[in-house]
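Down below is the structure, laid out as structure tokens.
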Amino acid sequence: AGRCPWARVSARYQPVPVPQRYCQDVYRGQLASVHSAARNLELQKLAQTYNILIAPWIGAVTSRRAGQWQSCWEDSSPWNYANWAPTHPFHIVTTCTTLSVRDGLWRSRFCFQLRPFICQY
């Protein structure tokens with residue numbers, strides 16, 4: 001698998017609450033947060049080495065807070081980079097975020113979908 005000392009991809013398909021716990025329990029970490037184009041590419045390449053065909057979860061959640069739609073990282077790190085696909089993120093219900101293995105773009109998805117995921121630690 002790809003060399004990435006601070007991140008791991010799990011090819012086990014899970015809805016978001018499961019990886020949140022898994023990343024904490026197994027790696028003492030969280031779903032990955034992304035703060036630069038370089039890191040986004042690193043995670044995209046890492047995911048490609050696992051030959052997963054469905055975009056994995058990363059740690060961004062988009063939800064409505066105080067009447068405003070906001071995206072934030074589960075690990076509470078600053079929101080200083082985004083790589084949304086056109087028309088994303090959705091502003092209809094709270095959504096979780098996938099990182100495309102093909103184009104590296106982020107897309108809103110319903111959090112209960114079963115997908116692989118990327119932990120960072």
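The values are calculated or read from the model by the stated rules, or taken from the named source; none is laboratory data. Here the structure is a predicted model, which means the values were calculated and not measured. Because the Cβ atoms are built from the backbone with ideal geometry, glycine has one as well, and the counts that use them run over all protein chains shown. All accessible areas refer to the heavy atoms of the entire protein, side chains included, with ligands and DNA or RNA removed. Shrake-Rupley method; radii C 1.70, N 1.55, O 1.52, S 1.80 Å.
Details
- When the stretch 23-34 is filtered for residues that are more than 23 Å from ARG102 (Cα to Cα) and open to solvent by less than 10 Å² (accessible area, probe 1.4 Å), the ones remaining, listed by number, are CYS23, GLY29.
- Assessment of the stretch 75-89 against the conditions (small (Gly, Ala, Ser) and open to solvent by 60 Å² or more (accessible area, probe 1.4 Å)) yields at least one matching residue.
- Among the conditions (1) surrounded by 16 or more Cβ atoms within 10 Å (Cβ to Cβ); (2) of a type outside the set (S, T, N, Q); (3) not in a loop (DSSP other than H, G, I, E, B), the only one that ARG64 does not satisfy is (1).
- Index of the failed condition, THR95 passing every other in (1) surrounded by fewer than 15 Cβ atoms within 10 Å (Cβ to Cβ); (2) without any contact (Cβ under 8 Å) to a residue 40 or more places away in the chain; (3) at negative phi; (4) β-branched (Val, Ile, Thr): (1)
- Hits in the stretch 1-22 - residues which are of a type in the set (A, V, I, L, M) and open to solvent by 70 Å² or more (accessible area, probe 1.4 Å): ALA1
Residue-by-condition table, conditions (1) of a type in the set (Val, Ile, Thr); (2) within 20 Å of HIS91 (Cα to Cα); (3) at pLDDT 90 or above:
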| site | (1), (2), (3) |
| --- | --- |
| PRO5 | no, no, no |
| SER10 | no, no, no |
| VAL34 | yes, no, yes |
| ARG39 | no, no, yes |
| GLU42 | no, no, yes |
| ALA47 | no, no, yes |
| ILE54 | yes, no, yes |
| THR62 | yes, yes, yes |
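- ALA11 being within 13 Å of the chain's Cα centre (by Cα) and touching a residue at least 40 places away in the same chain (Cβ under 8 Å): no
- Residues of the stretch 98-107 that turn out to be open to solvent by 10 Å² or more (accessible area, probe 1.4 Å), over 19 Å from GLN20 (Cα atoms) and either under 14 Å from the mean Cα position of the chain (by Cα) or not basic (Lys, Arg) (or both), as a count: 3
- Residue in the stretch 17-27 that is more than 16 Å from CYS111 (Cβ to Cβ), outside any strand (DSSP E or B) and of a type in the set (A, V, I, L, M, F, W, C) present: yes
- Close Cβ contacts (under 7 Å, 6 or more residues apart or on different chains) running from residues in the stretch 46-60 that are among the aliphatic types (A, V, I, L, M) to residues that are assigned to a loop (DSSP other than H, G, I, E, B) and modelled with pLDDT under 90 comprise LEU46/GLY2; LEU46/CYS4.
- Positions within the stretch 1-16 being of a type in the set (A, V, I, L, M), touching a helix residue (DSSP H, G or I) at 6+ places or on another chain (Cβ under 7 Å) and in a loop (DSSP other than H, G, I, E, B), in sequence order: ALA1
- The residues of the stretch 35-53 that are assigned to a loop (DSSP other than H, G, I, E, B), open to solvent by 50 Å² or more (accessible area, probe 1.4 Å) and within 16 Å of TYR13 (Cα to Cα), listed by number, are TYR50, ASN51, LEU53.
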